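Undergrad: So that we are looking at the same thing, I have put the structure below in structure tokens.
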Amino acid sequence: MLGVPMAGYLLLLLLFFLFFSVSLYFGFREWRQPSDAIPLAMDVDYIRVENYFGRSFRAKMQQWMQEWTQEWLAEPEPNGAAAGNRSVAVRRRTAGGEQLLLVPGGRIGSGEEREIVYSEGDLTLADGSIFRREIYCRGRFKTEAGVRLQSVAADGDMVLGADGDVARWVDAQGGIIIQRGTVVGSRASSLASIELERGVSVQSLYAPTVSTAQYRAHSDSGGNPRGEDSSLLPVAQSGAGGNGSDPLAVPLFLEGVRCVRLDAETWLAQEDVKLPFGSRIEDNLIVKGVLTSGAWCVFLRDVKAARVELGESNHAHGNLAAEGCLQVGEGSFVARNIAAGSDVRLAAGVRVGRTESLAVVSAAGEIILEQNVTVCGKLTAGRRVRTV
């Protein structure tokens, strides 16, 4: 009678070692004959180059065009015109089966096109036309109202007409103007500038200058939002040394607030902080609650808080970061980067970064831009960048 239970135990033990061996088998096989000994190829420019999509598409188009340029120019015009002065579109197929529409330029599109378009000169897309594939324009590119696109790269300037829709990306070596109501599903990049009218929505933007409607250029002496020397700004409070000459003394703007000095250049506030008009913060500031500032405050170093609400004409030399929402008041200037775990709102007249020192504005939610806002660098949002 004891033999039956013992056989059962041996069977269970055998099954255990069987499944245990199976779990080790795949690891042992990979160790003896690794299948990923050669890592997957990765183009690091995908991360480093902001106009990666446009550059890659141009390179591919130029590769295709080398195959047919001589053939295209050598073909006679149907009306007997000189070769190379072609006034009609030509269709070609790549070795990989891609359909291309080669045009000299001009105005095209009256319905729906499903071919990749290559334009030798300036190109305009007609009202309401639909292009399901990429477009490469060697000159100036423009769309009229209500045009739907996949992606477009232009070697000149670009104007995206009102109420248009771009499924993926746009890239121009010249400036880009995106008119009201247009949506770009992915990235807009330019080597010159990007101007956004009201009601525009984009996933991310990159240019030396990204500006919204009613943009007014200004000279900002030392990066001040209104051009004044920051040393002449009113100073109500200060950071280190703001309460006598003792560097360990609590600064005036933190009096009455539970706080602690983390190091020689950083203060941590355990609760909400409200800065009065003209405060001057000389240290890094970390606030576990909400940071609210009055007008004309100056931050000489980095600022981080659960939520940031800057008042009018503030001037931040360092980075701004918020775990939640971050708002920058009208006419303010931020020299470096802005990051938020939720939404970012830049009020009218805000300036971020400089052309010689580009900045990044990033948000896990939305980035909302009011009128006359300028960002020198990059804007990227988890949801979208939109103008109001």
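The values are calculated or read from the model by the stated rules, or taken from the named source; none is laboratory data. As the structure is a prediction and not an experimental result, all values here were calculated from the model. With ideal geometry, Cβ positions are generated from the backbone for all residues, glycine too; neighbour counts draw on all protein chains shown.
Undergrad: Within the range 295-338, work out how many residues are assigned to a loop (DSSP other than H, G, I, E, B), without any contact (Cβ under 8 Å) to a residue 40 or more places away in the chain and out of contact with any Asp or Glu (no Cβ under 7 Å at 6 or more places or on another chain).
TA: Summing the residues that are assigned to a loop (DSSP other than H, G, I, E, B), without any contact (Cβ under 8 Å) to a residue 40 or more places away in the chain and out of contact with any Asp or Glu (no Cβ under 7 Å at 6 or more places or on another chain) in the range 295-338 gives 8.
Undergrad: Sort out which residues of the range 273-291 are under 31 Å from the mean Cα position of the chain (by Cα) and in a loop (DSSP other than H, G, I, E, B), and write them in order of number.
TA: E282, D283
Undergrad: With respect to E356, determine if the residue is at pLDDT below 95 and surrounded by fewer than 18 Cβ atoms within 10 Å (Cβ to Cβ).
TA: yes
Undergrad: Still on this structure, please answer the following. Look at the range 108-134 and say how many of its residues are under 20 Å from S186 (Cβ atoms) and in contact with an Asp or Glu (Cβ under 9 Å, 6 or more places away or on another chain).
TA: Residues that pass the stated criteria total 7.
Undergrad: With the structure loaded, tell me whether E323 is surrounded by fewer than 17 Cβ atoms within 10 Å (Cβ to Cβ), assigned by TED's automatic domain parsing to the domain that holds T374 and farther than 22 Å from I368 by Cα or whether it fails that test.
TA: On the way: surrounded by fewer than 17 Cβ atoms within 10 Å (Cβ to Cβ): yes; assigned by TED's automatic domain parsing to the domain that holds T374: yes; farther than 22 Å from I368 by Cα: no.
No, not satisfied.
Undergrad: So which residues in the range 162-174 are free of Cβ contacts under 8 Å to residues at least 24 places away in the same chain and not aliphatic (A, V, I, L, M)?
TA: Answer for the range 162-174, where residues must be free of Cβ contacts under 8 Å to residues at least 24 places away in the same chain and not aliphatic (A, V, I, L, M): D163, G164, D165, Q173.
Undergrad: Same structure, new question: Tell me whether the range 238-254 contains one or more residues that are at pLDDT 50 or above, under 30 Å from C376 (Cα atoms) and not in a loop (DSSP other than H, G, I, E, B).
TA: No, the range 238-254 contains no residue that is at pLDDT 50 or above, under 30 Å from C376 (Cα atoms) and not in a loop (DSSP other than H, G, I, E, B).
Undergrad: Another question, if that's okay. Could you figure out which of (1) in contact (Cβ under 8 Å) with a residue 24 or more places away in the chain; (2) under 21 Å from A295 (Cα atoms); (3) in contact with an Asp or Glu (Cβ under 7 Å, 6 or more places away or on another chain) isn't true of E370?
TA: Unmet condition: (3).
Undergrad: May I ask you to list the residues in the range 339-355 that are within 20 Å of R301 (Cβ to Cβ), part of a loop (DSSP other than H, G, I, E, B) and of a type in the set (V, I, T)?
TA: V350
Undergrad: Moving to a separate point now. Tell me, which strands (runs of 3 or more DSSP E) lie completely within the range 143-201 with 1 or more residues that are surrounded by fewer than 23 Cβ atoms within 10 Å (Cβ to Cβ)?
TA: 158-160, 176-178, 183-190, 194-196
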